Amino acid sequence: MPGMIGIATDADGGVSVAIARPHPDLQSYVTFFYVVECAKPLTDFLYPELGNVRFALSGNWMVRMPGFRNETPQTAALFGPTDRHGAITTRGGKCIGFGLTPIGWNRLIGSNASLMANRVVPLGMQLGVDGEWLRAQLIAIDDDAGRMDFLERAVRDLLAQRPPVDEKILTIDRALRTRPDDVVAFAETIGVSDRTLHRLCLHTFGFAPKRMMRLQRFLDMLGSVRSAVGAGVRASIGDDYYDQSHFYRDFRDFMAMSPRKYFRDPRHLMAAAAEAQVRADVTLSFRMPPQPGELGEALI
């Protein structure tokens, strides 16, 4: 079963969020499992994030982001990695899903991540099992804890059917964690040419090396400032940024808003999600989770 479940509500927004950490043997592949329920219409923004699988159990859920104009699949959906903010709108309902790490994407989806960057498509058979069948099973389960347990068992069963992670994927994933100073250092860390690094980054993360390095730096810092305000934001900006204006430029690039607007505007869904993460002992940081075996767990 997943670990401790954190539940948080935002009464003003009419939203409830439940989040659970995956079992240690899945944490290299799944960021966390989640359930979102809205009792009334709601619009909130979405952070740039890694891949994501989502099942709408009831209601209508629409996602919008710059450059994406297609209709959001309303039953079972696969979200590619994103490097920009998005917006989610619902008239009310419930959805459940889980986030994918780059290693999880490689093993469970297997396709070139750049082909899905900033896109949402019907899940279909992309997990190797019919997404509509999975959704039907989830709807038939009476409680959210049981639904998350079902998803965790399904992910574990699917991983058991997949070959091990490509060593090239592990190598580039490991290198990004060292926070290389620039693209040249990134390529040298894994011993490849700049051109090969570009191709590997697109396939693994969905974005070119320089973009991915900037995005990872920003997301790491965003995890530190999600609950900060005013002077707390400035104090949370670490050595990865030269100064406050450097951070603010990245903030506008990836979030399409200023930090001031971010903290001023209502964030009913994201606020409840952050609180649920804390209660589930899931870090607010967007740092990449451990690689397979790093926690001492048996490899799947």
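The values are calculated or read from the model by the stated rules, or taken from the named source; none is laboratory data. Just so it is clear, the structure is predicted and the values come from calculations on it, not from any experiment. Positions of Cβ are backbone-derived with ideal geometry, glycine not excepted, and every protein chain shown enters the neighbour counts. When the accessible area is computed, the model is the full protein with side chains, heavy atoms only, and any ligands, DNA or RNA have been set aside. Shrake-Rupley method; radii C 1.70, N 1.55, O 1.52, S 1.80 Å.
The mean sequence distance of close C-alpha pairs (under 8 Å, at least 6 residues apart), as a share of the length of the chain, puts its relative contact order at 25 percent. Report the calculated FRET efficiency for Ala39 and Met125 (r = Cβ-Cβ distance, R0 = 41 Å), to the nearest 0.05. Efficiency for this residue pair is about 0.75.
The three principal axes of the C-alpha atoms in the chain carry coordinate ranges of 52, 48, 38 Å, sorted with the longest axis first. Its alpha carbons give segment 20-164 an Rg and a Dmax of 14.4, 43 Å.
Classified by the C-alpha gyration tensor, segment 61-107 has an oblate form. Its axis ratio a/c, with a ≥ b ≥ c, is 1.5 or above, and a/b does not exceed b/c. Accessible surface ranking for Asp83, Asp142, Asp265, 1.4 angstrom probe, highest first: Asp142, Asp265, Asp83.
Taking all protein chains into account, the per residue accessible area for the chain stands at 44 Å² (1.4 Å probe).
Among Tyr241, Tyr248, the order of accessible area from largest down is Tyr248, Tyr241, computed with a 1.4 Å probe on protein heavy atoms.
Charged neighbours of Lys261, selected by a Cβ distance under 12 Å, balance to +3 (K, R count +1; D, E count -1). With Cα atoms as the point set, the radius of gyration and Dmax of segment 1-41 evaluate to 12.4, 37 Å. Here the chain has 53 percent of its accessible surface on carbon and sulfur atoms, given a 1.4 Å probe and all protein chains in place.
Taking 7 Å steps out from each Cα toward its Cβ at Asp253 and Leu115 produces label points 2.8 nm apart. Model label points for Leu158 and Val184, set 7 angstrom from Cα along the Cα-to-Cβ axis, are 4.2 nm apart.
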